[in-house]
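Data first, discussion second: the structure below is written as structure tokens.
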Amino acid sequence: MTAARSRRLRVFITGASSGIGAALAREYAARGAVLGLLGRRTDALRALPFSGDHHLYTVDVTDHAALAAAAADFIAREGGADVVIASAGVSAGTLTERPDDLVDFARIFAINVTATVATFAPFVETMKRDTGPRRLVAIGSVAGIRGMKGAGAYCASKSAVHTYAESLRLELQPHGIRVVTIAPGYIDTPMTRQNRFPMPFLMPVDRFAAAAARAIDAGTSYRVIPWPMGVVAKLLRLLPNVLFDALFAHAPTKSGKVAP
């Protein structure tokens, strides 16, 4: 992102202690940005392989008051944010008939959907008053394109992220704030390493972060990464239900539980 000012790019990232969030932190650190990094594990945040005057916040994104306080601290210290990335997310196998899975449904929606709103909310008014490139970035998923068996909570939550970001994009367009939705395909992270099925077009996480940063720079409204999964996603959107059901009725299901 090329800013018309000399100050460093200010980037606030949730879910920064591992996976996609940590890779995005490394990408923007390499670009010389000043970072606000929020995650649940202090040790993991401190272990990120770069140094500088960055701000670390040990916060669970479902604690909205603590999340707002971290955002307020970053704004106070840096005068605002140029890029805010809601990267915190969880996935697990869920089945509606299992009573215990209702807890996982609620936790997945709380982290993947409601926390995305809570991440953006403290920055909107400051961004409206600011100038230059301003980006709110929602990390969705190709899983949000169509529902997959055994992954109802995750697919539905990411579909909700896509639709929420689309609404927000229209709301903030008159203010010059770009809302960017990044929909990862299969990215090599601790989350996907739990999958027990083939993952086509699996992409190293640092390559993903570089591609995502380019899309964020451009203010792209929606981008699937890697691009071959974008082709697959478009085809999935077009498939009639009868064909989709026939193709995926016997697909493997997601496993695992949400960490408390």
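The values are calculated or read from the model by the stated rules, or taken from the named source; none is laboratory data. Quick caveat, the model's predicted, so the values are computed rather than measured. Positions of Cβ are generated from backbone atoms using ideal geometry, with glycine treated the same way; all protein chains shown enter the neighbour counts.
Key figures for this structure:
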read-out: Residue in region 33-62 that is modelled with the highest pLDDT, counting only those that are among the charged types (D, E, K, R) and under 19 Å from ALA88 (Cβ atoms); value: ASP60
read-out: Selection from region 1-32 of residues that are in a loop (DSSP other than H, G, I, E, B), at pLDDT below 95 and within 22 Å of VAL61 (Cα to Cα); value: SER17, SER18
read-out: Checking PRO133 against (1) farther than 30 Å from GLN194 by Cα; (2) modelled with pLDDT of 95 or more, the condition it does not meet; value: (2)
read-out: Which listed residue, of ILE187, ILE177, ILE182, ILE108, is crowded, with 16+ Cβ neighbours inside 10 Å and modelled with pLDDT under 95; value: ILE187
read-out: Scope region 33-48; condition surrounded by 12 or more Cβ atoms within 10 Å (Cβ to Cβ) and either among the aliphatic types (A, V, I, L, M) or part of a strand (DSSP E or B) (or both); matching residues; value: ALA33, VAL34, LEU35, GLY36, LEU37, LEU38, GLY39, ALA44, LEU45, LEU48
read-out: Residue match in region 68-75 (condition: of a type in the set (Val, Ile, Thr), over 17 Å from the mean Cα position of the chain (by Cα) and modelled with pLDDT of 95 or more); value: yes
read-out: Positions within region 171-196 being within 22 Å of LYS234 (Cβ to Cβ) and free of Cβ contacts under 8 Å to residues at least 60 places away in the same chain, in sequence order; value: VAL179, VAL180, THR181, ILE182, ALA183, GLY185, TYR186, THR192
read-out: Total residues in region 224-240, condition out of contact with any helix residue (DSSP H, G or I) (no Cβ under 9 Å at 6 or more places or on another chain) and buried (at least 17 other Cβ atoms within 10 Å of the Cβ); value: 0
read-out: Test set (1) in contact with a strand residue (DSSP E or B) (Cβ under 8 Å, 6 or more places away or on another chain); (2) surrounded by fewer than 19 Cβ atoms within 10 Å (Cβ to Cβ); (3) aliphatic (A, V, I, L, M) - ALA218 fails condition number; value: (1)
read-out: Within region 54-95, considering residues that are acidic (Asp, Glu) and farther than 16 Å from VAL117 by Cβ, the one surrounded by the most Cβ atoms within 10 Å (Cβ to Cβ); value: ASP82
read-out: Region 71-106, residues that are aliphatic (A, V, I, L, M), assigned to a helix (DSSP H, G or I) and within 20 Å of ARG129 (Cα to Cα); value: ALA71, ALA72, ILE75, ALA76
read-out: Region 119-147 - residue that is in contact (Cβ under 8 Å) with a residue 60 or more places away in the chain and crowded, with 17+ Cβ neighbours inside 10 Å and, of those, farthest from the chain's Cα centre (by Cα); value: PRO133
read-out: Which numbered condition PHE201 misses (of (1) without any contact (Cβ under 8 Å) to a residue 60 or more places away in the chain; (2) in contact with a Ser or Thr (Cβ under 9 Å, 6 or more places away or on another chain)); value: (2)
read-out: Any hit, region 235-249, residues being more than 23 Å from ARG146 (Cβ to Cβ) and at pLDDT 90 or above; value: no
